[in-house]
Every structure is written in structure tokens, then in C-alpha cells.
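Peer 1: Before anything else, here's the structure in question.
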Amino acid sequence: AVPAVSAAPVAYQNLTEDVGRGFGSNWNRYAWSMAEMNGEQYVGTWNAQMDYQRIAALILSGQVNLADLFSGGVDVLSFTGLISSTGGEIWRRGGDGQWSQVYKASPATMGFRKMVAHDGMLYAATANYQTGAGIMRSANGTDWAPMSGGPMASPGNASIRTMACYGDKMYVGTENSSTGAELWEYNLTTDVWQRKQVFAQDSAVAEISLFDGRMFVGTWDFGEHYRLHSSEDRNTWSEVTPVFPGSESLANLGVMQLLEFNDRMYLGTVNYVDGFTLLRSATPDARDSWEVITTDGMGDADNAYTWSGAVWEGKLYIGTFNHGLRGGQLAPLPIPLDGRGQLLVSEDGLNWSTLIDDGFGSPFTYGIRTMMVSETGDLICGTASNFMLPDLLSDPDLAALDPATLAQVLAAYFSESGFGWLGGYMGQIDPNWIGCEVYAIPAVPEPATLVLIWAGTFLLILRRRT
């Protein structure tokens with residue numbers, strides 16, 4: 001593994017500071033997807049928290065045991081109804097910097113997992129483990145309509161994990177634990193869907209990428225190992241999963257990122273046990289061509305996901321999910337999902353630095369879920385916060401309390417439940433205590449721009465003196 005080293009502090013701005021964490025709702029735990037259209041940023045949320053009453057009832061009745069409960073991750077919990085939701089939301093940041101909610105889904109639609117803008121249209125894909133996944137689209141960001149057919153009409157598609165647009169085609173990858181992950185092609189001109197492939201051995205198509213004229217698809221297998229598939233014509237597919245010494249011993253369950261940087265493809269995984277693996281290759285069709293960058297989360301095995309990624313100002317950036325089971329923010333206490341998300345950067349893809357290692361300093365922010373480069377050249381990061389913590393402030397009596405009184409109530413609540421130490425911690429934070437956020441790292445002006453800025457400032461100073 002190549003250990004990540006600390007970099008110089010980075011300046012960033014909290015774009016959601018005024019609206020609050022979770023866009024004002026503690027239920028919006030993830031900035032699950034992001035896109036930009038007409039100079040306005042859109043964020044789709046994952047609106048969810050653990051349904052502890054149902055979990056307790058199932059355990060007490062003997063229908064489930066604690067060991068099996070969390071073995072399949074978030075998706076199994078969602079599918080079995082152990083995560084509650086009030087419905088995913090879409091928020092828009094206008095040119096004035098103000099946020100407004102432009103869509104609210106029903107409780108069955110827990111969130112918007114992927115969002116893309118293409119040719120004057122915005123597409124937002126959903127996760128719905130009750131009635132099936134969907135795609136909403138809008139030409140103005142305000143009026144949304146559901147799409148039909150294709151993956152929405154195919155049984156078992158509970159979530160759409162990825163979408164990508166190339167020319168007049170949109171490609172959609174689904175999660176389907178019943179009959180296998182599906183890849184769909186949508187003709188944006190003729191409004192026709194075509195199913196391109198069913199990957200029967202895989203549970204989800206998680207990433208789609210074009211590289212050197214070929215399409216690559218990265219999958220999830222929640223029980224064994226991921227796979228990488230490639231196709232030249234998008235009809236005939238070959239498995240090209242990387243092979244390198246020790247690869248079979250690693251618990252890499254899925255592909256999280258397929259990124260192109262400096263004429264190489266970078267593949268980042270999900271691995272709850274070892275920490276994520278990051279590989280790169282100039283010829284990804286050759287299974288033994290991959291160069292290993294790390295197999296242990298850049299020296300931190302709690303870094304389970306290469307959750308987001310972007311190429312910005314000539315550098316490669318990766319945002320992680322850090323579960324904190326070995327060293328979370330309340331370590332050595334074994335608090336579930338107690339880590340802090342990290343932002344990593346590299347100029348050459350081999351040597352990495354850590355820009356952010358504390359979830360932008362926000363409590364219980366364990367990941368940088370989404371990342372994009374804005375039209376103005378800023379790097380925009382959407383965060384994810386711990387979905388296992390209950391939303392105590394959903395009680396209107398608690399939400400109405402001033403921060404000092406609320407701190408006392410929370411301390412008493414956890415003390416009575418046997419978790420007094422957590423009450424002490426909770427007493428130090430304000431009501432805006434959990435939920436997703438959106439941060440911007442401003443673009444660095446070009447040297448010529450800096451010269452103009454300094455020249456303008458100098459002339460202004462001279463004018464004032466005269």
C-alpha cells in the first residue's frame with residue numbers, strides 16, 4: 001500500500017451553512033447524487049435512518065439475529081424494511097446561492113442515487129425497495145416527470161446505481177438481487193429502451209465508463225467479489241476483472257469508481273474488511289496489466305469505499321467512506337459507523353496526500369459521497385452522515401428547545417438508556433447535529449487571471465490616493 005501523507009490545509013466553503021445540515025432535516029443523511037444545469041447545482045438526498053423499533057421487534061421475536069442483520073450492508077437493510085424514510089428530496093442552489101427544495105418523493109422512494117444533466121435535461125434515478133426503481137426527469141429543474149419502460153418495467157430492479165450519457169444514448173445500471181444486474185440503453189432521440197446485458201452473477205451494475213473506445217462496466221457482488229466487464233460494440237461482453245498477486249484474498253465486493261486520469265483507467269473498490277483497493281491500467285482489457293496503488297485504504301483499513309472521485313485542476317481526487325470501526329471519532333468506544341470521511345489527492349496517481357481527514361470537521365460525517373466540478377471551476381463535495389443514529393429532533397418538543405436545554409435533555413436521555421458517555425458528547429453540539437452537507441473548494445485562478453486581479457487592485461489603490 002502507498003500510505004497517504006498530510007497535505008497543506010485546504011480552504012473550503014460550506015454551501016449549506018445557511019440552510020443547515022440535511023437541508024434543514026436530520027433525515028437527509030446523504031448528498032447521494034449531484035449534477036449541474038444552467039449554472040445551478042442540484043443535490044438528490046438519501047432520506048433514511050434505522051428503524052430501531054422494528055429491529056428490536058424482529059430480534060425479540062427470533063425472526064432475525066444480530067449477526068445476520070448487518071451482514072449485507074445498507075441495501076439488505078433497506079430491502080428488509082429495517083431503514084425508515086420520509087422520502088428522498090431534490091434541492092437546487094440558484095445563482096443567488098440560496099437553496100430550495102424542488103422535489104419530494106414518497107416514503108417508499110428513499111432517495112436519488114444518481115443524477116446526470118445532458119442536453120438540456122436533468123435525470124434523477126431512485127432507489128425504491130418496495131415498488132421498484134425509477135427515473136425522474138426535468139427540463140427546468142422544477143417540474144419533474146417519471147420515465148417509464150426499460151429498467152422501470154423490469155421486475156426486481158430495486159435501485160438504479162449508475163447512469164451515463166454518451167452522445168444520444170443514456171446508459172443505466174441497475175441493482176437486481178433476484179435475476180442479476182441489468183445494463184440498459186436509452187435512445188434520447190427515439191425514446192426507445194433496449195436491455196443490453198444481464199449480468200446474472202452480479203447483484204448490481206455500479207459504474208459505467210468509456211475508455212479507449214470501449215465501454216467498461218463495474219459490478220457489485222454483495223457476497224463474493226466484484227467483476228469488471230468490457231465491450232467494443234455494447235452488445236457482446238467479456239469479463240476482464242483485474243488479476244494481481246493476492247487479489248483473491250481481498251474482500252473487494254464491488255466497484256465504486258472507474259475514473260480516467262492521464263491516459264489510464266483507475267478502478268476503486270468497496271472493501272469493509274481490508275480497506276479499499278485502488279488500481280490503474282493503460283490497457284484495462286488485459287486482466288494482468290493492473291498496477292496496484294493500495295489494497296488497504298491508503299494505509300487506513302477503515303477507508304472502506306472510494307466513494308467519489310473527480311479530476312480537477314490536473315489532479316485526481318478521491319473521497320472516502322471511513323467506517324471508523326478501528327479508530328472512529330469516539331475511539332476506543334466501538335460505535336458503529338463512527339469514522340470521518342477523507343479527501344485524498346494525487347498529481348501522478350501514485351503518490352497521495354490527505355486534504356481532509358475529519359469529514360470537513362462536522363460530527364458523524366463519515367464520508368464524501370459525491371463530487372463534481374462546477375461550471376465556474378470549483379470542486380463541489382457532498383457529504384454523508386451516520387444513518388444509524390436516530391433523529392431525536394423529529395420530536396417537535398425537542399426541536400423547539402434552545403441549544404443549552406436540548407443538551408441537557410440529550411445527556412439525560414442517553415444516561416437513562418445506559419449510554420451516559422454519549423449524552424456527554426451530545427451535550428457539546430447544537431441542534432444542527434447530523435445530516436448531509438455540501439462544500440466547495442474554490443478554483444485557483446490562472447496566473448494570467450491573478451496578474452489582472454493584482455493590476456486592477458493596484459490601479460484602484462492609485463486612484464484612491466489621487
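Peer 1: At 1.4 Å probe size, with no ligands or nucleic acids counted, give the accessible surface of residue 229 in Å², nearest ten.
Peer 2: The accessible area comes out at roughly 20 Å².
Peer 1: Quick one: what does P(r) look like for the stretch 162-237 with 5 Å bins over all Cα pairs, in whole %?
Peer 2: 3, 17, 29, 26, 16, 7, 2, 1
Peer 1: Starting from the stretch 187-274, pick out the GluC sites (Glu not before Pro) whose DSSP state is loop and whose Cβ has at most 14 other Cβ atoms within 10 Å.
Peer 2: 224, 232
Peer 1: Would you mind working out the magnitude of the charge dipole of the stretch 1-59 relative to its Cα centre, with +1 at each Lys and Arg C-beta and -1 at each Asp and Glu C-beta, to the nearest 20 Debye?
Peer 2: For this selection, approximately 300 debye.
Peer 1: What does the accessible area per residue of the stretch 247-351 come to in Å², with a 1.4 Å probe and no ligands, DNA or RNA counted?
Peer 2: Accessible area per residue: 35 Å².
Peer 1: Okay, next question. How large, in percent, is the carbon and sulfur part of the accessible surface of the stretch 146-244 at a probe radius of 1.4 Å?
Peer 2: The value for the stretch 146-244 is 44 percent carbon and sulfur by accessible area.
Peer 1: A follow-up question, please. For the stretch 195-351, what value does the Rg/Rh ratio take when both radii are computed over Cα atoms and Rh is the Kirkwood radius, given to two decimals?
Peer 2: 0.98
Peer 1: So, one more: What accessible area per residue, rounded to a whole number of Å², is obtained for the stretch 103-181 using a probe radius of 1.4 Å?
Peer 2: Here the per-residue accessible area is 36 Å².
Peer 1: What's the magnitude of the charge dipole for the stretch 122-225 around its Cα centre, counting Lys and Arg as +1 and Asp and Glu as -1 at the beta-carbon? Answer in Debye, nearest 20.
Peer 2: In total the dipole reaches around 180 debye.
Peer 1: With every protein chain kept in the model, how would you rank 436, 165 by accessible area, 1.4 Å probe, largest at the top?
Peer 2: 165, 436
Peer 1: Label the stretch 173-215 by shape, choosing from rounded, prolate and oblate, from the square roots a ≥ b ≥ c of the eigenvalues of the Cα gyration tensor; if a/c is under 1.5 it is rounded, and otherwise prolate applies when a/b is larger than b/c, oblate when it is not.
Peer 2: Oblate.
Peer 1: So, one more: Using 7 Å Cα-to-Cβ label points, what is the residue 38/residue 178 separation (nm, one decimal)?
Peer 2: Each label point is offset 7 Å from its Cα along the Cβ direction, giving 3.8 nm.
Peer 1: Ok, one more. Once amide H atoms are built 1.01 Å from N in the peptide plane, which residues 5 or more positions from residue 51, or in another chain, come under 5 Å H to H?
Peer 2: 83, 84
Peer 1: To the nearest 10 Å², what's residue 315's accessible area with a 1.4 Å probe?
Peer 2: Using a 1.4 Å probe on the heavy atoms, I get roughly 70 Å².
Peer 1: For the stretch 252-326, just the Cα atoms, rotate onto the principal axes and tell me the three extents in Å, largest first.
Peer 2: 36, 30, 18 Å, listed from the longest principal axis down.
Peer 1: To continue, here is another question. Residue 107: net charge of surrounding residues, Cβ under 13 Å, Lys/Arg +1, Asp/Glu -1, itself excluded?
Peer 2: The answer is -1.
Peer 1: Run the numbers on the stretch 126-238 and let me know its relative contact order in percent, using alpha-carbon pairs under 8 Å that are six or more apart.
Peer 2: Answer for the stretch 126-238 is 16 percent.
The values are calculated or read from the model by the stated rules, or taken from the named source; none is laboratory data. These numbers were taken from a predicted model, which means no experiment stands behind them. When we count neighbours, we look across all protein chains shown, and the Cβ atoms used for this are built from the backbone with ideal geometry, even at glycine. These accessible areas exclude ligands, DNA and RNA; they are computed on the full protein's heavy atoms, side chains included. Shrake-Rupley method; radii C 1.70, N 1.55, O 1.52, S 1.80 Å.
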